[in-house]
Amino acid sequence: MALFEPHNISRIDRSPGWIERIPGPYWALAILLLIMPSLASDFVLFQIFGWSFILGMIALSLMFLAGYGGMVSVAQMSVAGIAGYMVAIFGESAIDQISMGWPWFVAIPLGILIAAILATCVGWLAVRTEGIYTIMITLAIAAAFFYFCRQNYTVFNGFSGFNGVLPPELFGVDWRTAVPFYYLCLFWAALYFLVVLYVSRSPFGLALQGVRDNPRRMAALGYNVTAHRVAAYTAASIPAATGGILLTWQSAQISPGTISIGPAIDILVVAIVGGLRHPIGPFIGAFVYVLLKTFAVDFLTSLGLSGERFQLIIGLGFLVIVFWSPDGVLGLWEKFRNWQKRDPLRGQEGGIE
Amino acid sequence: MTPSTATESALELRNVSKSFGALAALSDITFSVRPGERRAVLGSNGAGKTTLFNCITGDFPPTSGNIRFFGEDVTDFAPYERIRRGLRRTYQISLLFAGLSVADNVYLACRGVSRGRFSFIRPRRNDVLLQSAEELMHTVRIDGVRDHLVSELSYGQQRQLEIAMALAGAPRFILFDEPAAGLSPTERAELVNILTGLPAHIGFIIIEHDMDVALRVSDYVTMMHNGRVFKEGKPAEIEEDEEVQSLYLGGAHG
């Protein structure tokens, strides 16, 4: 130990300029995503990237809960859905007799607020359970919410839901055209990605990881473990709600089909396939999911097989990833890096991390 | 025994019992510790020492009886509420955050007993808590490994980290659960230095199998046997007590 080692420099914010600490690949990815509209077609921008960013945001909320908090919630799609529904109900849609037609700057914050309140209630119920029981209780909530929306016609317009839910024409831009929608989704996805990355090293984020690893010890350090877990549900609802609103705008409609059990579990699949250990994981998972979902039919028909079997391809794709790497695509990447680092003579893996 | 008033005792247990089903782990424990007093609790394996700690911190609340902390009845308090009032403990089995660095562990301990536990803002470089975390690491001499993950630490360093975390904030009373277990003679000597060097207003209870360590750092000793208080006295008295010696050695090594 050096005698003159300075004691007041922290690791948490020892910054030689935060810009210099951003790794090279992130720069390359950021530039590639920014110039994407000049490379890709409108279909790819709107359908592939737009949808990936949206699903990524909703799965990011699950990654925050599961990766940092150890709480696997299947109700994140319901949280996203309630925000979409609220924007349709408070704002404008083709269902005039229900939609109130309030301006976007009222409808959107209100939608996010109601989603946050709902998520807090879900969390308050779910944090009393651990592991598989958390999955069960959140799945039950997601199912209950789905059936409620499908059967309630006075507020949620039942089976058909709401169509004609369009983004506001802010700054004279039609945000549902491919390029503006791409940048809109990119902006929010990047923002929430960076926020989650930042929060993971904040007192709240560190404490959440502590609660995940050892709740009893956290209580013995003065933390109210239950309150911390519930607060994590509230915080995670914000990216999920934003994703839900964008999802509603993308398809211009929201109906019980958007929030049924299938999509709810798809979010779990997206997060796990991508990897729960880093906020980039959900976005990778969402990209893989959207690619498979979009092109599995074409792939099958090109092989001369019936396109109806596309679910089989999707399932096999996920099976392969999870089989080779329980940590998802992120885990595969780490394995590859370690394989590259291994000693060529002894075949042993070198420095990990 | 005379009923003590609020200011007289740091920690007071009255008829505390704890049973797990039919097994009575603690029966009718009554004792009080003055502020600043250093108390050793000795006893063979299964005498109920760690259960006693779990009752005091609220990890497992007692089946019956009362616990007062600086005059306040904390029997029904959640663990975190007791910790925020100045109670601390270390664990016999290491319950550290293995995936976090040493500095982060100590920082979490400092943050847990201060405000801003829910802050989404990263601490700034001159954050008061970061500095107190640095001082604590320096106190227990683990500042050399501050950036290492806990999983990379030696056993002795993990025990030192436990102590640093127990000292976070403004502790008034600390429960040490076998801090010397598994330490080398050098590390033991260092531990005794740290314990005897604590500020005089901080009292503690130490559970220790190493009689040498226990008797050197304490000014009063409680012997436990089968979940009961068996004998109390000054270290010298306990050391010379034949009944204690036969029981303790017989229990520990038999």
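The values are calculated or read from the model by the stated rules, or taken from the named source; none is laboratory data. Just so we're clear, the structure is a prediction, and the values are computed from it rather than from any experiment. Don't worry about glycine lacking a Cβ; one is built from the backbone with ideal geometry, like all the others, and counts go over all protein chains shown.
Check A:ILE82, A:ILE95, A:ILE48 and return the single one that is of a type outside the set (Gly, Ala, Ser) and either over 23 Å from A:ALA107 (Cβ atoms) or modelled with pLDDT of 95 or more (or both).
Only one candidate qualifies: A:ILE48.
B:THR222 versus (1) part of a helix (DSSP H, G or I); (2) within 16 Å of the chain's Cα centre (by Cα); (3) buried (at least 22 other Cβ atoms within 10 Å of the Cβ): which is the lone unmet condition?
Of (1) part of a helix (DSSP H, G or I); (2) within 16 Å of the chain's Cα centre (by Cα); (3) buried (at least 22 other Cβ atoms within 10 Å of the Cβ), only one is false for B:THR222: (1).
So the check is Cβ under 7 Å with 6+ separation or different chains; which pairs have a first residue in the range B:78-93 that's under 14 Å from A:TYR223 (Cα atoms) and a second one that's part of a loop (DSSP other than H, G, I, E, B) and of a type in the set (D, E, K, R)?
B:PRO79/B:ASP59; B:GLY86/B:ARG172
Take A:MET71 and decide whether it is in contact with a Lys or Arg (Cβ under 9 Å, 6 or more places away or on another chain) and either crowded, with 24+ Cβ neighbours inside 10 Å or β-branched (Val, Ile, Thr) (or both).
Yes; evaluated as a whole, the condition is true for this residue.
Checking B:THR90 against (1) in contact with a helix residue (DSSP H, G or I) (Cβ under 6 Å, 6 or more places away or on another chain); (2) facing chain A (nearest Cβ under 7 Å), which single condition isn't satisfied?
(2)
State all residues of the range B:165-203 that are more than 14 Å from every other protein chain (Cβ to nearest Cβ) and among the hydrophobic types (A, V, I, L, M, F, W, C); if no residue qualifies, say none.
B:ALA180, B:ALA181, B:LEU183, B:ALA189, B:LEU191, B:VAL192, B:ILE194, B:LEU195, B:LEU198, B:ALA200, B:ILE202 - these are the residues of the range B:165-203 that are more than 14 Å from every other protein chain (Cβ to nearest Cβ) and among the hydrophobic types (A, V, I, L, M, F, W, C).
Quick one: which of B:ALA40, B:ALA47, B:ALA25 is under 19 Å from B:ILE207 (Cα atoms), part of a loop (DSSP other than H, G, I, E, B) and small (Gly, Ala, Ser)? Before you say what the answer is, go through the steps one by one.
Values: B:ALA40 fails: part of a loop (DSSP other than H, G, I, E, B); B:ALA25 fails: part of a loop (DSSP other than H, G, I, E, B).
Going through B:ALA40, B:ALA47, B:ALA25 in turn, just one is under 19 Å from B:ILE207 (Cα atoms), part of a loop (DSSP other than H, G, I, E, B) and small (Gly, Ala, Ser): B:ALA47.
Looking at A:PRO168, is it under 20 Å from A:ALA252 (Cα atoms), surrounded by fewer than 13 Cβ atoms within 10 Å (Cβ to Cβ) and not small (Gly, Ala, Ser)?
no
Six or more apart or on different chains, Cβ atoms under 8 Å: show the pairs whose first residue is in the range A:201-213 and facing chain B (nearest Cβ under 7 Å) and whose second is part of a helix (DSSP H, G or I) and among the hydrophobic types (A, V, I, L, M, F, W, C).
Final answer for the pair search is A:PHE204/A:ALA231; A:PHE204/A:ALA235; A:LEU206/B:LEU108; A:ALA207/A:MET218; A:ALA207/B:LEU108; A:GLY210/A:MET218; A:GLY210/B:LEU108.
State whether the residues of the range A:239-247 include one that is in contact (Cβ under 8 Å) with a residue 12 or more places away in the chain, within 14 Å of chain B (Cβ to nearest Cβ) and in a helix (DSSP H, G or I). Steps first, please.
Let us first name the residues in the range A:239-247 that are in contact (Cβ under 8 Å) with a residue 12 or more places away in the chain, namely A:239-247.
From what is left, the residues that are within 14 Å of chain B (Cβ to nearest Cβ) are A:239.
Checking the rest, the ones that are also in a helix (DSSP H, G or I) come to A:239.
The answer is yes, given that some residue of the range A:239-247 is in contact (Cβ under 8 Å) with a residue 12 or more places away in the chain, within 14 Å of chain B (Cβ to nearest Cβ) and in a helix (DSSP H, G or I).
Please specify each residue of the range A:50-73 satisfying the condition of being β-branched (Val, Ile, Thr) and closer than 16 Å to A:LEU184 by Cβ. Break it down stepwise before answering.
As a first pass, look at the range A:50-73 and keep what is β-branched (Val, Ile, Thr): A:54, A:58, A:72.
A:ILE54, A:ILE58, listed by residue number.
Would a scan of the range A:221-237 turn up a residue that is hydroxyl-bearing (Ser, Thr, Tyr), at pLDDT 90 or above and assigned to a loop (DSSP other than H, G, I, E, B)?
Taking every residue of the range A:221-237 in turn, at least one turns out to be hydroxyl-bearing (Ser, Thr, Tyr), at pLDDT 90 or above and assigned to a loop (DSSP other than H, G, I, E, B).
If you go through the range A:176-185 one residue at a time, do you hit one that is over 29 Å from A:HIS278 (Cβ atoms) and either within 14 Å of chain B (Cβ to nearest Cβ) or not in a helix (DSSP H, G or I) (or both)?
yes
Just wondering, is there one or more residues in the range B:151-160 that are more than 13 Å from every other protein chain (Cβ to nearest Cβ), crowded, with 16+ Cβ neighbours inside 10 Å and small (Gly, Ala, Ser)?
Scanning the range B:151-160, I find at least one residue that is more than 13 Å from every other protein chain (Cβ to nearest Cβ), crowded, with 16+ Cβ neighbours inside 10 Å and small (Gly, Ala, Ser), so the answer is yes.
I'd like to check something: does the range B:118-130 contain any residue that is more than 13 Å from chain A (Cβ to nearest Cβ) and either buried (at least 21 other Cβ atoms within 10 Å of the Cβ) or not in a helix (DSSP H, G or I) (or both)?
For the range B:118-130, residues more than 13 Å from chain A (Cβ to nearest Cβ) and either buried (at least 21 other Cβ atoms within 10 Å of the Cβ) or not in a helix (DSSP H, G or I) (or both): absent.
Taking only the range B:108-117 into account, find how many residues are closer than 22 Å to B:ASP143 by Cβ and either at the interface with chain A (Cβ under 7 Å from one of its Cβ atoms) or within 15 Å of the chain's Cα centre (by Cα) (or both).
5
Kindly state which helices (runs of 4 or more DSSP H) lie completely within the range A:30-147 and contain at least 2 residues that are among the hydroxyl-bearing types (Ser, Thr, Tyr).
Fully inside the range A:30-147 and qualifying: A:51-63, A:76-90.
Applying the selection to the range B:197-242, what residues are charged (D, E, K, R) and more than 21 Å from B:LEU26 (Cα to Cα)?
Hits for the range B:197-242 are B:ASP210, B:ASP212, B:ARG216, B:ASP219, B:LYS234, B:GLU237, B:GLU239, B:GLU240, B:ASP241, B:GLU242.
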